[in-house]
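Working notes, structure below.
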Amino acid sequence: MPHSIEGLSVIANKAPVVGTHVGGFSATSVKQTQERYSKEALTYVRPKEISSYQQRFLDRLLRKKTSIGCIVAPFGYGKTSAAIDTWQVCNENKILTVLPFSCSSIAEMGKAIATGIEHRLGHSSRGAKKVRSAYESYLVSSAKRLAEQDTINYKINYDTALRSIEDKIERGYLHIDATGNHLLGFFEELTHIVVESGFDGLLIIVDEFQQFLGNINKTVITNFRTLVWGLRTRGTLPLGLLITMDPDTERNLSERAGDILHRIKEDNLYLDFTDAYEREFASLLWTKYAQNFQFTGKNSKIVDKATLDSIGQICERHDLSNGPRTVIDIFQRIAHLYSKRQRSYTPVDLIDDFLSGDIRFDGDRSKIASLVTELTSYEYIKTSSKRLQALKLISAFPRGCSKEVADAYGLGNVLTELSDALRGEVLTELPEGIALIDLQRVGKPQNKLNIILKKYWMQITEGEIVTDRAVALFAQYAISAIFPPFRNILSGWSREEPNYRLTPSGSYTQIYEGSFFEDFPRRRIAIEICRKKDQISRPEDSYDFRFVFVLQRSTENNTEPIFDKKNKTFILGLRIDLPFGIPMPRDLRWIEDYLRPVEMSPAVVLSLIDYINSQAPKIDDVTEGELQRIQAYSKKLNDFLISVMFGPELFASLGINFVSRGEQALKQAIFYVLKQIYPDYQTLISSNQWETICKTYIDALKKSNLAQTRGLERLEGEKSEIAAVFGFRNHAGFESQIRQFHRLAVLEDWIGSQGAIRFQSHIGEGVVLKIITDKKNLKQEALFQEARKFGYLPEETHYLLEYLLLRGYIEKDKYGHFKAAQTLSKAELVKIARDSEIEASEMVSLVKFPDLEDLISQKLSKVKDMSRLTKTQIRILEFQRRVQSLRPVIIKEIQGLLGKYRSDLYEKSDLLNQEIPISSTGLFIDAHINGVQRKIILKSKVMLDKSTKLSTTINEMLKLLSKRDLTSTIVEDIRENKALFVEADKSIAELQEVIELINQHIQWVQLADYLLLIKEYIETLKPYVNVNPFVTRYEVIVRKLMEALSVKGINIYFDLYREYSVKVLKLYDEIAIAIKAAKINDQMLGGRILNKASHLESGQTLLKALRRKNVLLKDIVQTGKWDAERLLGALISLEDDGKVKLSIISGKPDR
Amino acid sequence: MLKPTSFHVRHDLQPVLTYELLNLFLSKPEGQTQEELEHSANIYGFRLRERKDYSKLIKSLMELDVLREEDDRFLLTDKGEIISRLIIYQRDLLAEFIHFLYYSSFDLEPNKRFSWSYRTVCDALWLSAPSVINRDSLVNHVTREAVTIFEENGISFSASSVSGVINWLVELIPNCVVVHGTEQQFVRREYCSIELFTLALNHEYRRKSAVDLAYVTIDSSFREEICRLCLINPDKFSEMLSLAEASFNCVDVRRERGDKISMSKFEWNSLEN
């Protein structure tokens, strides 16, 4: 074995890659290849992935299972080394493994395998002979056939033809069309030979399989497919085929023949070890080198541990290196330098070599070199050699350079200095130390959020994170996000208070009112947040239920979740400082890296969100777009926080299984709780217009009878009528409109012009009815409170009560108490029917109601068949309801009548109150007349008293009626008033009598006046005419009148007046005319020449009077007799001299 | 080729219902019948309860290769499982994933014409951005394009189909649909989720990589295709590419002699690592 220096030179001169043998083996090439492979195997560091892979392969082979394996890795990643190692491992385990080779055809493959096995078995062994024979048979025979054809075609010697063909094959000029099938048969045969020779199996390793595949044409694919499929069907053959290829080949093959790869993968012997080389690879390899080349003692003097770790950190990243090739490259450089420098290779040396290009394999982009070049150009860096060194040191550790490492190189203080100065911009702190941000896998932030993060990191302390402030932050960010703002009655939430309220026990509480679910609108959910369980306040009735969140530290006793159904409380404990334990969303991971070593926990994220939101607007020159981006990050943090904090695991111990996280999980919890505490609740609030719908429904109920409202009978009729019941002007669209009543009204028929609906009760009515039945005599407010316990809001209960009332299931008394409508016995029903009949009869006696008369005629109180109790009850109750509904009408009628009576009484009383005249003629008749007058006055007084009392009674009655409670029967009122009507009629009649008496009396007074006038006129006429006839007639009248009045008095007042008024008035008229005539005559006869006009006027007047009275003036003047027949007409002519000449003519007056 | 689907993009498949469905499916890996889904939705108070029938939703998700049917039960595909797991903690990604599936399905399966419609609407909006979303105009555009490309007249595509597209666009974060007064306006985004961008890279890479090419050139057409799919501004491509590169090992970009990309090892489950 070479000693240390020589060993290093071996390393220094090591070829970058291991060459694979190509094609068939000869005795020489076998030996050389074996030596080469063995040497390689000495320094091979087997990654554990490859180790377990080899073990799996070996296990299968030893269990006699045909196996196909594939190793994929980029160029320089050690595929060949792995193949060689596998060759060695399998050989050590009695599996004959052909030396790994590459080839470009089936023929070549066959040759390589055959020759490989031959040499392994021993060229002269029986097994080797069999191998040769099999080769000839399966793969070369086709060459013989070709030779035979050539012999015929070209007329050449057969042996010559065959030699020519074989030579071409050997040289690669000719590829016999050997197929996958031939190869399969060949493999099978070989396996038998190998097993016969004492091995446990056969493994063939074809390296650089892309050589074989070439440009992956159709023939190649077919052969390969045949081979793979064929091998799989030979399941119990201890035969293995291992191929290696690079990723490009794999990708191409995947596209062209993905099924083949898929088949290969099924055996779980498919290995891509691009990422198999982990951080430790470099150290392990160097250790192996040191062991094999015996420089273990000087190991660390050549390259120290930190540098080996640095190499490992770089080479595990294929964006920064070419994997194991880079490792080898670096080791070669180390070996080369040590011999010159004789000092340890450091991380700074490594970076210098990247910069100088002495490390050739530094990844496709030379990322480290370009980054370090850029950074070292900064003034701040390049002006200080210490900073330069420190930066290079940091660059060598993508996972972070610790202070200890930096101290070891005397750069500890500078590291700290750089960390403070460049943190956030260039450097970041990782768990292992300070690192360059640009070497991290996550991208550099593209916005100004990093400024905020830097400030946050600098000022935040753990004590600050988990404080009582966490409660406020939790409320603001974790909870408020769950309750979106109010939008309408069915969506969104409003807060009872603008801020959370501090309770006496030290917790913070808020009530949200609103809706998540259309089936539970306007719920009140209390949220209480505290730090300790004993801070939880007592339960209240002012909410539907509450969530209590106890925010705890990990060090405190955990609060197990509790669902206290009785107190409607859900208690959840949350560990606020527990790290999330899962990766953050990709676009937030840079934040996580940025804030290291602070671990992301709910408390940290809450304080961070708050900090971001408060600081973002304050950043200098922040654009609107940047601000929006920062807000987007903040929201994403918030959403992630909520999704982590609230998940199924929070409720699992309660046996409650949810499927979502975050806001959705809490909503599920809320739904679960609501269903638990209000299992029978069904809302009336179906839309924003729910109250309008309820009112429409109520109107519809009012227009229907009890059987219909209870759903016992359908509401049937013309479609337009039915639609009108629900307030629709026409029935078009009614079929869909009815759905808004949500099965409170169900359309049963809607055909042609006819339709039928059936009313149905709401489930809430049953709830309210039960409350009323159980609690008895509840007022509205108390009912609301009770119904609320079942989930019904007061406004809903209000409508439910209306429905129940209209369906007749409950009643409301005059004190406002609700009670269940009674279940009536037959006797009660009969009584109700009878009472209704009586009341109805009284009503119709006042006002005609045809339907009421019809109901009366049905004589429901006498119905015998009560078997159909419900229907009969309904009819009777309907009758009762009708009667009750008519009470106001009747009362109004009564009031109207009473009013009329009162008016009449007043009117007539007024007449009685007028003065009754007396007779003061001085004649005999005065006494009689005035006697009557006194009697009339007395009578009037009595009547007036009576009338006044009656009016008072009527007024009192009217007052009573205006306040009358119509919930009870009004039979007595009707009867009482009917009696009053009779009394009033009588009183009015009596008043009328007295009034007529007074009128008559007045006429008598006038008559007396007439008698007096007659007497006076007689005196006046005496000088002019013979008044004896007048006197005689006058005296006769007077005497008979006196006699009549004396005997019969006022009793015959009216009859006497009729009898004598004619006579008196006739006498009066005649005397009056005579007076007039006499006056005129007197004037004329007095010789006075009257003025022509006045004469004429007088004459005309007289003529008119005469003509009216049929009086002949002549007779008046001359005879004094004025019998009407004789006093017909009179001619009064006006002479030319102005004298009026009266010419009496007989017969009828001239016209 | 399978029988072509309709051009109609079902508006029934709304984001909130999809989220709930995927939650339910994820909770029962053995699959569920419609009845079982309804039962679960009722237990959890899901918005799904408002629907009587989930067949259209399920059919849409099957067409997007999120669900499959087995023995009369519906269950998540591998892709569907990955999406469902990711959205549990990042609900905002759901719209991104569904948008991607809608947009890209036509390239993989040309019988999925609803995907063509979806993409045509998105492309029209992206090309004309910022612009008011005029549904009638979009209907006309799709209808005309269908005549040109498929020689089909009278396709089943209406304003409700456009709604089926907009349903998802409005859910994307950051927004590409903003409200101005009573109008909705489409704007290009300044960024998108890394996941969507990476899916877009992979999709475009697969379309463009030929047999012998391991790397695809990132030329202007490549950039534009990605930006259209992701609905972002083209000048944000580089930034997003850097982020994707830093987030996923399988995003391999080479920058010598022009930018080239390889998405060799990308699979859907890479999104979960």
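Before moving on, here are some points about what is shown:
- Per-residue Cβ neighbour rank within 10 angstrom, fewest leading, A:LEU430, A:LEU572: A:LEU430, A:LEU572
- Since only A:ILE479, A:LEU355, A:ILE1002 are under comparison, the one whose Cα sits farthest along the positive direction of the charge dipole of chain A, derived from C-beta charges on Lys, Arg, Asp and Glu, is A:ILE1002.
- Neighbour-count order for B:THR198, A:THR1020, A:THR233, fewest beta carbons within 10 angstrom listed first: A:THR233, A:THR1020, B:THR198
- Euclidean distance of C-alpha centroids, the stretch B:41-81 and the stretch A:336-379, integer Å: 57
- Cα gyration tensor, the stretch B:93-186 - rounded (a/c under 1.5), prolate or oblate: oblate
- Aspartates and glutamates whose Cα lies under 15 Å from that of A:LYS819, excluding same-chain neighbours fewer than 8 positions away: A:GLU765, A:ASP774, A:GLU781, A:GLU786, A:GLU802, A:GLU811
- 18 Å Cα-Cα threshold exceeded, pairs from A:LYS48/A:LYS94; A:LYS448/A:LYS635; A:LYS900/A:LYS978; B:LYS56/B:LYS112; A:LYS298/A:LYS340; A:LYS900/A:LYS959: A:LYS48/A:LYS94
- Antiparallel bridges, percent of DSSP beta bridges restricted to the stretch B:175-273 (to nearest 5): 90
- 26 Å Cα-Cα threshold exceeded, pairs from A:LYS533/B:LYS28; A:LYS814/A:LYS949; A:LYS695/A:LYS770: A:LYS533/B:LYS28; A:LYS814/A:LYS949
- The stretch A:903-943 and the stretch A:577-627: distance between their alpha carbon centers, rounded to Å: 113
- Isotropically averaged projected area of the protein assembly as shown, using the convex hull of Cα atoms (one quarter of hull area), nm²: 104.3
- Among A:636-646, A:351-361, B:126-136, the peptide with the highest mean count of other Cβ atoms within 10 Å heads the list, and the full ranking is A:636-646, A:351-361, B:126-136.
- Charged neighbours of A:LEU701, selected by a Cβ distance under 11 Å, balance to +3 (K, R count +1; D, E count -1).
- Charge tally in the Cβ shell below 12 Å around A:VAL1005, where Lys, Arg are +1 and Asp, Glu are -1, A:VAL1005 excluded: -3
- Reachable aspartates and glutamates from A:LYS859, criterion Cα separation under 20 angstrom, eight or more residues apart if same chain: A:GLU828, A:ASP835, A:GLU837, A:GLU839, A:GLU842, A:ASP851, A:GLU878
- Rg/Rh for the stretch B:174-252, where both radii come from Cα atoms and Rh is the Kirkwood radius: 1.06
- Peptide A:655-663 is shielded by partner chain Cβ atoms: per residue, an average of 5 of them sit within 10 Å of its Cβ.
- Ranked by the mean number of other Cβ atoms within 10 Å per residue, highest first, peptides B:230-237, A:330-337, B:113-120 order as B:113-120, A:330-337, B:230-237.
- Between A:HIS21 and A:SER102, the built amide H atoms are under 5 Å apart, and every one of these is 5 or more places off in sequence or on another chain.
- Prolate/oblate/rounded label for the stretch B:130-171 (Cα gyration tensor, a/c 1.5): prolate
- Derived scalar couplings ³J(HN,Hα) [the stretch A:18-27; Karplus, 6.51 cos²θ - 1.76 cosθ + 1.60; whole Hz; x for Gly, Pro]: 8, x, 9, 5, 10, x, x, 10, 10, 4
- The ranking of B:VAL121, A:VAL45 from fewest to most other beta carbons within 10 Å of each one's beta carbon is A:VAL45, B:VAL121.
- Beta bridge orientation in the protein assembly as shown: antiparallel %, DSSP, nearest 5: 60
- Cross-link partners for A:LYS1040 among the lysines, with Cα-Cα distance under 22 Å and sequence neighbours closer than 8 places in the same chain left out: A:LYS1015, A:LYS1048, A:LYS1063, A:LYS1066.
- Pairs with C-alpha atoms separated by more than 29 Å, drawn from the list A:LYS301/A:LYS392; A:LYS392/A:LYS618; A:LYS568/A:LYS776, are A:LYS392/A:LYS618.
- For A:LEU427, the residues whose modelled amide H falls within less than 5 Å of its own, excluding neighbours fewer than 5 places apart on the same chain, are A:ILE437.
Just so you know, all these numbers are worked out from the coordinates, no wet-lab data involved. Everything numeric here is computed off the predicted structure, so don't read it as measured data. We place every Cβ from the backbone using ideal geometry, glycine too, and count neighbours over all the protein chains shown.
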